[in-house]
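The values are calculated or read from the model by the stated rules, or taken from the named source; none is laboratory data. Every value quoted in this text rests on a predicted model; they were computed, and no experiment measured them. Positions of Cβ are generated from backbone atoms using ideal geometry, with glycine treated the same way; all protein chains shown enter the neighbour counts. Please note that ligands, DNA and RNA were not included when accessible areas were found on the heavy atoms of the full protein model with its side chains. Shrake-Rupley method; radii C 1.70, N 1.55, O 1.52, S 1.80 Å.
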Amino acid sequence: MQLKNKLMISVDNLAVEFGGTALFSEVSFTINENDKIALMGKNGAGKSTMMKIIAGEQRATRGHVRFPKDAIIAYLPQHLLTEDKCTVFEEASKAFAHVYEMRDEMEALNKALETRTDYDSDEYMQIIQKVSDLGEKYYALEDVNYDAEVEKALGGLGFKREDFRRMTSEFSGGYRMRIELAKILLQKPDLILLDEPTNHIDIESVIWLEDFLLNKANAVMVISHDKAFIDNITNRTIEVTMGRIYDYKANYSHYLQLREDRRAHQIKAYQEQQKFIADNMAFIERFKGTYSKTNQVNSREKMLEKLEIIEVDDIDTSALKLRFPPAQRSGDYPVTVKDLSKSYGEHVVFKDANMSISRGEKVSFVGRNGEGKSTMIKAIMGEIDVEGTCNLGHNVKVGYFAQNQASLLDENLTIFQTVDEVAFGDIRTQIKNILGQFMFKGDDIDKKVSVLSGGEKTRLAMVKLLLEPVNLLILDEPTNHLDLKSKDVLKEALLNFDGTLILVSHDRDFLKGLSQKVFEFKDHRVIEHFETIDDFLVRNRIENLKEIDLKK
């Protein structure tokens, strides 16, 4: 539904306070019809809180959010579970519940009219009027094949046709997140609010989502640490920092340049103001008590009291470089896979797969979710039974980051103790700095692992891995829950890692430049490509959605 008004939503003087401390205050902006907004800012700045307030999920301490009463606002939070009492198709079809309710109500009213004979009564006329009003709304709707729309959305988000009739309870949290996303997209809202939508979907589904948001959605506001995703879909960036906002008519990469320019101007203005203050303070000190200068001294003192001090935005410019500690040299071929097959019942994951990974190679596993990438990693790690052979080479020391790595931490230890037990040598003097790079600061480091959120545990598991001496790194979706800065720290460490790397990730910007060979998991096969991940993505035209649609 398109709104006639160009102005969709007005956020007026919004303020949120916790225990007398302001998270942000006097925040005002508008969201217009075709705005595609990236809501940016460091963790704890208030991005998710602001999005919840716009969605109506949370109340502000002060201020208002105003929008037309017929506006449809859809919100996808970071963590949710759909109901488990229906099929995938039935759950997604709930997006059209209001249409089905109108249709059913009209049918019920028409049936009631068939049996009534009190044609002149007020009640009969009321039913006639209600049928007329409902019919006007119902038949004004677009002539849509709702089942086809549901199928298209689910297919785009990685569901196969045979999945449609399966119960939602059979799917992982990530896939249930996709069902909720499908429901949101099918409603064709006036504003879509997305908090980290790409954390649980593969590269092809991310590209499908990008195309939908760019070409079919109205207004969008998104919080994401996926740089390529936000760069591709946004035309505006709202940064939440130091309790206020800055609004840029630019995508993320351009916003970074503009932010640097803004900070440079702030620093210059701050320095000039400090000089101005110092000059006046020197004058006051010099002529204090001099009768002929009394008025001038008093005037300057009053002026300095009223002076509003220029603030420079707080940007962390520390440049910690993390390197994996040196490990013993492995054999020539750390991983060798021969004629490997894996099935679950009648479901074949892959068949007769072969691969050999040389010492020092950095390789990527790519393919749609469910094609066997994580299964192959479990086979390499010896966690599952398989047909065929899968061997680790001589003297291989494995560092493994699984998608469930967070659950393997010792919950009785503190954050500091968790890292301290694996840190050796000089790196121990930098533990606090390293934890700070991954958003554990101040008293946080004394928290027990048991009280951490899922995202915090994931980040801590990553820090722990970065400090262990290994010569084969296997990372399965390592960037979920990492902010852009933490991802940069990790990527820099991986680029300098002189061991062997196997990487599974849907984050295109993170993958860029990280691997020289690609293993593609597709149609129960594992296909080896002797090219970089960048070349693979270009050659497969994976950024062209039409190509992906044809491949389905």
I'd like the full set of residues that are within 24 Å of the chain's Cα centre (by Cα) and either part of a strand (DSSP E or B) or aliphatic (A, V, I, L, M) (or both), limited to the stretch 502-520.
I502, L503, V504, L511, L514
Does the stretch 65-79 include one or more residues that are closer than 19 Å to R244 by Cβ and modelled with pLDDT of 85 or more?
yes
Members of the stretch 33-64 that are under 23 Å from L213 (Cα atoms) and part of a strand (DSSP E or B)
K36, I37, A38, L39, M40
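Here is a yes/no grid of residues against (1) assigned by the TED database to the domain that holds A461; (2) open to solvent by less than 20 Å² (accessible area, probe 1.4 Å); (3) under 28 Å from E456 (Cβ atoms):
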{"residue": "F324", "(1), (2), (3)": "no, no, yes"}
{"residue": "R329", "(1), (2), (3)": "no, no, no"}
{"residue": "G360", "(1), (2), (3)": "yes, no, no"}
{"residue": "V363", "(1), (2), (3)": "yes, yes, no"}
{"residue": "E371", "(1), (2), (3)": "yes, no, no"}
{"residue": "M376", "(1), (2), (3)": "yes, yes, no"}
{"residue": "G388", "(1), (2), (3)": "yes, no, no"}
{"residue": "V396", "(1), (2), (3)": "yes, no, no"}
{"residue": "L409", "(1), (2), (3)": "yes, yes, yes"}
Of the numbered conditions (1) free of Cβ contacts under 8 Å to residues at least 60 places away in the same chain; (2) open to solvent by 20 Å² or more (accessible area, probe 1.4 Å), R244 fails exactly one; give the number of that condition.
(1)
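How many of the residues making up the stretch 335-365 are outside any strand (DSSP E or B), over 21 Å from V396 (Cβ atoms) and not acidic (D, E)?
The number of residues fulfilling the criteria is 1.
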Given the conditions (1) modelled with pLDDT under 85; (2) closer than 30 Å to K338 by Cα, and given that F401 satisfies all but one, which numbered condition is not satisfied?
(1)
Take L194 and decide whether it is within 30 Å of R263 (Cβ to Cβ) and open to solvent by less than 40 Å² (accessible area, probe 1.4 Å).
yes
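For the stretch 247-295, give me each residue that is in contact with a strand residue (DSSP E or B) (Cβ under 8 Å, 6 or more places away or on another chain) and either open to solvent by less than 60 Å² (accessible area, probe 1.4 Å) or without any contact (Cβ under 8 Å) to a residue 60 or more places away in the chain (or both).
Matches in the stretch 247-295: Y248, K249, A250, N251, Y252, H254, Y255, L258, R259, R262.
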Take N404 and decide whether it is closer than 27 Å to Q328 by Cα, assigned by the TED database to the domain that holds E520 and either of a type outside the set (D, E, K, R) or touching a residue at least 60 places away in the same chain (Cβ under 8 Å) (or both).
no
Looking at the stretch 426-441, which of its residues are open to solvent by 60 Å² or more (accessible area, probe 1.4 Å) and either modelled with pLDDT under 80 or of a type in the set (D, E) (or both)?
D426, R428, T429, Q430, K441
Under 7 Å between Cβ atoms, which residue pairs at least 6 apart in sequence (or on different chains) link something in the stretch 144-169 that is within 14 Å of E204 (Cβ to Cβ) with a partner that is open to solvent by 80 Å² or more (accessible area, probe 1.4 Å)?
G155/K552
Among (1) buried (at least 19 other Cβ atoms within 10 Å of the Cβ); (2) under 26 Å from the mean Cα position of the chain (by Cα); (3) of a type in the set (A, V, I, L, M), there is one condition I380 misses while meeting the rest; what is its number?
(2)
Determine whether V312 is surrounded by 10 or more Cβ atoms within 10 Å (Cβ to Cβ) and modelled with pLDDT under 90.
yes
At least 2 residues that are loosely packed, with under 11 Cβ neighbours inside 10 Å in each: list the helices (runs of 4 or more DSSP H) lying fully within the stretch 66-169 that qualify.
97-115, 122-140
Check off (1) at pLDDT 85 or above; (2) within 24 Å of the chain's Cα centre (by Cα) for N480 and give me the number that stays unchecked.
(1)
